[in-house]
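The values are calculated or read from the model by the stated rules, or taken from the named source; none is laboratory data. Predicted, not measured: the structure shown is a model, and the values here were computed from it. All Cβ positions, glycine included, derive from the backbone under ideal geometry; neighbour counts span all protein chains shown. Each accessible area value is taken on the protein alone, full model and side chains, heavy atoms only, with ligands, DNA and RNA left out. Shrake-Rupley method; radii C 1.70, N 1.55, O 1.52, S 1.80 Å.
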Amino acid sequence: MSPTDLLEKPEGAVEPNREPMHGRNTQISGATLTGFIPAEDLIIPDVKDVVEESASGRAPEGSDPVSDKTMVLNMGPQHPSTHGVLRLVIEIDGETVVSLAPDIGYLHTGIEKTCEAKFYNQVTPLTDRIDYLCPMTNNTAYALAVEKLLQLEIPEKAQWMRVLFNELTRIQSHLVWLGTHAMDIGALTVFLYCFREREELLRIFEAVSGQRMMTSYVRIGGVALEPPVGLFKKIRAFLEDFPSKIEQYEGLLQNNPIWIGRLKGIGYLTAEQAVALGVTGPPLRASGVDFDLRRDMPYSSYEKFQFNVPVATEGDVWARYIVRMQEMRESVKICLQALDGMPEGRIVAHAPKILVPDREQMKTQMESLIHHFKIVTEGFQVPAGEAMSAVEAPHGQMNYYVVSDGTAKPQRVHVRNADFCTLQALETMCKGQLIADVVAVIGSIDIVLGAIDR
Amino acid sequence: MSDPATTPATPEAVFGKEAVAAAFANHAAITGLEAFIVDAKWDRQELTLTVAPENIVAACKAAQASGYNFFEDCTAVDWYPSEPRFQVTYHLLSHRLKERIRLIARVHGDDPVIESITSVWPAANFYEREVFDLFGVRFTGHPRLTRIMMPDNWNGHPLRKDYPVEGYR
């Protein structure tokens, strides 16, 4: 049978509606049409296949059936290194990973469905919950997409505030990554130090938005609130102190033989593999692809900032560690520039029929009060069309695709989160490694499972 | 878009295949995918090209050849109750040209089938499984088209518009 014969058969997949399947991943539908996939080793196996292949045994004739047979190991759903609910079904030969299949879908946040039932500005708090380590970036990406649909001009100060808080979020997210990654490897001190600095950042977020994690600070049309007096001073003090803290972490890790031994030469991903598997962000740049949305397709006035994009060519766990550490330093640079050159002016666009009017205006003008009432109770209508926004989130590229049918509620909100794509590359990275290295590789791709589920 | 210094200011919005082809004569995607484009629009600084569902693999290969090397995501929009009901959307990015195109294929609701593009980009694997799971659009040629988010015995496809937001089923 030629590959094209297989293509013409639509029953390659059986609709679960017609033939209900029982039990999670215990039955595979139709034929497994793998023969004509050119990059066969890049296709993620199914849990079922991993289990079956192992059961059938891979031992060739005449070999020792005991020592040559592989076995299946379940890692998770609640393994401490996965930072969320993720089940990895790993086929191992001795301690070497033969194949690996991620099994996701435990959280069922239902965010995309919920978005379709809300007004446009009611979606903003939902976006915080998608990836709880970078709420500001989520807010920004969503706001950019809706602003594109509305064709709304955003004041310069609001854009700079977005840049400032996006970069602080990047530092915050990378601190959690570094802390937990180091903890997975066994270095607990770094974890405690990282969370000490993260706490300061969370206090800054609380001061500006009233919330530590679910900030909802970046809104459609601008940002929520004027920063309180003295906050910029506080941020500056943190930023001036922070590079010395990075050196402190590096002092603990960079020359540590355990750290080097566990990270170097583990979890290789070439540039071609990374692009084919849709990997973005630090893992992509660690594989040698010099692409950063902030520099190459700038949004929110990122083109006005001077910074370098750290790139490494090794493509292993160590390279990802180096890239992220350098990224934190670059973020500090960007934040300091934003503080130095913060423009004056409004923090919200002037669009009284779309955005909630100023408090002062509401007290004095009847029209503003009516607009406020209407926006809160009926939402605002968005012209029909579709828009896609893309931002460089700490974990990689984050896209929001918003489709409007002209009403006050979105027809469709789709989130492209970097972690979902990077998880597909996990098998490629882990194949041939030791089972203990899987932990190091998961730490290096920095996944948040809340962002993977829908 | 192409270099702003050499081309005149890009228009606000252009609808229709001929109009877009005239406005963006030298665009890499327009020239590369010419044979497959059914409809096109330039709206809100974004280029959207509609292709027939049976041509999607060929169109993706042509886009890859024209420099759009990176598959960003694939999703669907349910336009229930109008037909064709499903709009399968692909976002492609070019690292070299630093721009993005959107491919759209419209699929009928009674038997939503489209070819899988995992042979062009393995990254489409999880995304197509997600669309299959949540919308019920089937992808022929996908290596393992099984549910990814919901349990395998789940009834219905949650992101369809006729699936309720609240309540149990």
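Among the residues of the stretch B:109-118, the ones that are at pLDDT 90 or above and out of contact with any Lys or Arg (no Cβ under 6 Å at 6 or more places or on another chain) come to 6 in all.
Just one of the listed residues (A:ALA158, A:ALA143, A:ALA182) is surrounded by 20 or more Cβ atoms within 10 Å (Cβ to Cβ), small (Gly, Ala, Ser), under 19 Å from the mean Cα position of the chain (by Cα) and assigned to a helix (DSSP H, G or I), and it is A:ALA143.
Filtering the stretch A:106-140 to residues that are hydrophobic (A, V, I, L, M, F, W, C), in a loop (DSSP other than H, G, I, E, B) and under 17 Å from A:VAL448 (Cα atoms) leaves A:LEU107, A:LEU133, A:CYS134. Return the residue satisfying two criteria in turn: it lies in the stretch A:229-246 and is of a type in the set (Val, Ile, Thr) and in a helix (DSSP H, G or I), and of such residues it is nearest to A:ARG162 (Cα to Cα). Restricting to residues being of a type in the set (Val, Ile, Thr) and in a helix (DSSP H, G or I), the top hit is A:ILE235.
Against the test of being under 26 Å from A:SER301 (Cβ atoms), touching a strand residue (DSSP E or B) at 6+ places or on another chain (Cβ under 9 Å) and open to solvent by 10 Å² or more (accessible area, probe 1.4 Å), the options A:ARG170, A:ARG219 yield a single qualifying residue, A:ARG219. Identify all residues within the stretch B:39-66 that are closer than 24 Å to A:PRO383 by Cα, modelled with pLDDT of 90 or more and open to solvent by 30 Å² or more (accessible area, probe 1.4 Å); write none if there are none. Scanning the stretch B:39-66 gives B:ASP39, B:LYS41. Comparison of B:VAL113, B:VAL165, B:VAL88 shows that the only residue that is of a type in the set (A, V, I, L, M) and farther than 17 Å from A:GLU112 by Cβ is B:VAL113.
Conditions tested, residue by residue: (1) within 14 Å of chain B (Cβ to nearest Cβ); (2) farther than 24 Å from A:ILE204 by Cα.
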site: A:THR127; (1), (2): no, no
site: A:CYS134; (1), (2): no, no
site: A:THR140; (1), (2): no, no
site: A:LEU144; (1), (2): yes, no
site: A:GLN151; (1), (2): yes, yes
site: A:ILE154; (1), (2): no, no
site: A:VAL163; (1), (2): no, no
site: A:GLU167; (1), (2): no, no
site: A:THR180; (1), (2): no, no
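Against the test of being under 25 Å from A:ALA390 (Cα atoms), crowded, with 17+ Cβ neighbours inside 10 Å, in contact with a strand residue (DSSP E or B) (Cβ under 7 Å, 6 or more places away or on another chain) and more than 9 Å from every other protein chain (Cβ to nearest Cβ), the options B:ALA105, B:ALA124 yield a single qualifying residue, B:ALA105. Number of residues in the stretch A:88-115 that are within 30 Å of A:GLN411 (Cα to Cα), open to solvent by 20 Å² or more (accessible area, probe 1.4 Å) and not aliphatic (A, V, I, L, M): the value is 6. Would you mention how many residues in the stretch A:251-271 are surrounded by 13 or more Cβ atoms within 10 Å (Cβ to Cβ) and in a helix (DSSP H, G or I)? Total satisfying the criteria: 7. Only one of the listed residues (A:TYR299, A:TYR321) is at pLDDT 90 or above, part of a loop (DSSP other than H, G, I, E, B) and among the hydroxyl-bearing types (Ser, Thr, Tyr). That residue is A:TYR299.
Within the stretch B:157-169, the set of residues being surrounded by fewer than 23 Cβ atoms within 10 Å (Cβ to Cβ) and within 7 Å of another protein chain (Cβ to nearest Cβ) comprises B:PRO158, B:VAL165. Would you mind telling me which numbered condition in (1) touching a helix residue (DSSP H, G or I) at 6+ places or on another chain (Cβ under 9 Å); (2) within 10 Å of chain A (Cβ to nearest Cβ) B:GLN87 fails? Going through the list (1) touching a helix residue (DSSP H, G or I) at 6+ places or on another chain (Cβ under 9 Å); (2) within 10 Å of chain A (Cβ to nearest Cβ), B:GLN87 breaks only (1). Scanning the stretch A:442-454 for residues being hydrophobic (A, V, I, L, M, F, W, C) and within 11 Å of another protein chain (Cβ to nearest Cβ) gives a total of 1. Go through the residues of the stretch A:210-219 one by one and say whether even a single one is at pLDDT below 95, in contact with a Leu (Cβ under 6 Å, 6 or more places away or on another chain) and either at positive phi or in a helix (DSSP H, G or I) (or both). Among the residues of the stretch A:210-219, not one is at pLDDT below 95, in contact with a Leu (Cβ under 6 Å, 6 or more places away or on another chain) and either at positive phi or in a helix (DSSP H, G or I) (or both), which makes the answer no.
As a summary of the residue check, A:LEU202 satisfies the conditions (1) assigned to a helix (DSSP H, G or I); (2) out of contact with any Lys or Arg (no Cβ under 7 Å at 6 or more places or on another chain); (3) within 26 Å of A:ALA141 (Cα to Cα) except for the one numbered (2).
Being of a type in the set (Lys, Arg) and either open to solvent by less than 10 Å² (accessible area, probe 1.4 Å) or assigned to a loop (DSSP other than H, G, I, E, B) (or both) is a property that holds for B:ARG144. Of the residues screened, A:GLN381 is not one that is within 11 Å of chain B (Cβ to nearest Cβ) and either assigned to a loop (DSSP other than H, G, I, E, B) or crowded, with 24+ Cβ neighbours inside 10 Å (or both). In the stretch A:280-298, the residues that are free of Cβ contacts under 8 Å to residues at least 24 places away in the same chain form Cβ pairs under 6 Å with partners that are surrounded by fewer than 24 Cβ atoms within 10 Å (Cβ to Cβ) and in a helix (DSSP H, G or I), at six or more places apart or across chains, as follows: A:VAL289/A:ALA271.
In the stretch B:108-121, the qualifying residues are those that are under 15 Å from B:PRO84 (Cβ atoms) and either touching an Asp or Glu at 6+ places or on another chain (Cβ under 8 Å) or in a strand (DSSP E or B) (or both), and the one that is most open to solvent (accessible area, probe 1.4 Å) is B:HIS108. Residues in the stretch A:405-441 that are touching a strand residue (DSSP E or B) at 6+ places or on another chain (Cβ under 8 Å), open to solvent by less than 10 Å² (accessible area, probe 1.4 Å) and away from chain B (no Cβ under 14 Å): A:CYS430, A:VAL438.
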